[in-house]
1. Which residue, GLY275, GLY201, GLY226, tops the fluctuation ranking in a GNM of the chain built on C-alpha contacts under 10 Å?
2. Which of rounded, prolate, oblate describes segment 48-114, given a ≥ b ≥ c as roots of the alpha-carbon gyration tensor eigenvalues and a/c under 1.5 marking rounded, otherwise prolate only if a/b is larger than b/c?
3. Using the Cα centre of segment 275-372 as origin and beta-carbon charges of +1 (Lys, Arg) and -1 (Asp, Glu), tell me which of LEU292, GLN325, GLY353 is placed farthest towards the positive end of the dipole.
4. Which value in nm describes the separation of the simple spin-label points at ASP52 and THR293, placed 7 Å from the Cα toward the beta carbon?
5. From the square roots a ≥ b ≥ c of the eigenvalues of the alpha-carbon gyration tensor of the chain, which class results: rounded (a/c under 1.5), prolate (a/b over b/c), or oblate?
6. Of the cross-linked pairs LYS169/LYS230; LYS166/LYS306; LYS85/LYS358; LYS230/LYS302; LYS85/LYS370, which ones have a Cα-Cα span greater than 25 Å in the structure shown?
7. Dipole size in debye (nearest 20) for segment 275-372 around its Cα centre, Lys and Arg Cβ +1, Asp and Glu Cβ -1?
8. Determine ³J(HN,Hα), in whole Hz, for all residues of segment 335-345 in sequence, where each value follows from phi through the Karplus function 6.51 cos²θ - 1.76 cosθ + 1.60 and θ = phi - 60°; x replaces Gly and Pro.
Amino acid sequence: MSSFVTKLTAVLTALSMLATGGSSLSELDALKNGSSNDDASISTEIGMSPVDLCEDITIGWNLGNTLDATSGSGLNSETSWGNPKATEELILAVKKAGFNAVRVPTTWYNHMDSNYNVDEEWMDRVQEVVDYVYDNDMYVILNVHHENWNFSSYDNQKNAEKITKKLWKQIATRFKDYDQRLIFEGMNEPRMSGTQWEWNGGNREGWDVVNSFNQTFVDTVRATGGNNAKRCLMIPSYAANIGAFEKGFVIPDDDYIIVSIHAYTPYNFAMNTGGGATDYFDPNNSSHTNELTWMSKLLYDKCISKGVGVIIGECGATDKGNLDQRINWAEYFPAVFGQYGIPVFLWDNGAFGTGNEKYGLIDRSSCEWKYPTYIKALVKAAKNS
């Protein structure tokens, strides 16, 4: 069969699959064979530099509010925040749209016993979802997300480091034979939750404790050996905040580190729905872009230029009924970071509508993109940067 006919068959099969909302094994195989990012296969080389690895990532997507849900019990927690179970069909739809990386936010504390042993059934399910991404030749980030034990204070430091060691030894051991396509991320947004220091960049105590948590994570993973000896490890600043990064962040002495920063930026456009909020973004207006250009250059100077990778682990623009303006943002945001080799990962929590925290992108039941022009703009900007 000619390549043209093969691709045409795959496309027709995929369309039929989306129309019916279901998929058989043969249909999934057809979608796998026919989907493409129009890019070369990603690298599987262990020991690849973090800067090169980040440049190999085009654009990423977050499987938010799924494995990171904190309600429910056992395997039922995956759907307790209203999203359906993750499927390989969903991941293939993400890949087909042009993404070549997926971040899998995962909460563990509600699946551990009193000695911090992870429930085997939960570990198996996490591995199954990771494999949906990994087996389809995409990068995957596996992390520790929405935990309630890593409050970043001096009083809590010793106990949290004990849990970090126990948890990451289990995760790293389970996945130590996976190649460079799997990235471990030690924490999500470690901070002093519920205090005046939670979201404003933190203080010296918070910075010190998060730096210590990051070092403990790196040391624990490295000690498990195998491919973990040179696996790229992703670490956040306090609250994954750029201000905290600038003031009090310490990068471990390690050759395979990627820094994680979250950027719902500019805040008044991308996240804020209260006082000072705007639904307008003009890429030609410096007052709209200054924070982004400053942030990207700072991350290049402090990290990329010194051999440390950077990933914008979460970003997005909440839906304010302003699709045209969100497209303006989409055409700019990935490019301003991409010019420095910094890939961005879109946050998708499956929440649709307008207003606060409405970051839904793809219908996870039908696997159809809610705003395809927005997604196309994001992917195009990322590929052209």
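1. Comparing GLY275, GLY201, GLY226 in a Gaussian network model of the chain, the most mobile one is GLY275.
2. oblate
3. Working it through, the farthest residue towards the positive pole turns out to be LEU292.
4. With each label placed 7 Å out from Cα toward Cβ, I get 3.3 nm.
5. Cα axes put the chain in the rounded bin.
6. As for pairs spanning more than 25 Å Cα to Cα, those are LYS166/LYS306.
7. Approximately 300 debye in magnitude.
8. Couplings: 6, 5, 8, x, 4, 9, x, 10, x, 10, 10 Hz.
The values are calculated or read from the model by the stated rules, or taken from the named source; none is laboratory data. What you see is a predicted model; the values in this text were computed from it and never measured. Here the Cβ is made from the backbone with ideal geometry for all residues, glycine too, and neighbour counts use every protein chain on show. Quick note on the areas: whole protein, heavy atoms, side chains included, nothing else; ligands and nucleic acids left out. Shrake-Rupley method; radii C 1.70, N 1.55, O 1.52, S 1.80 Å.
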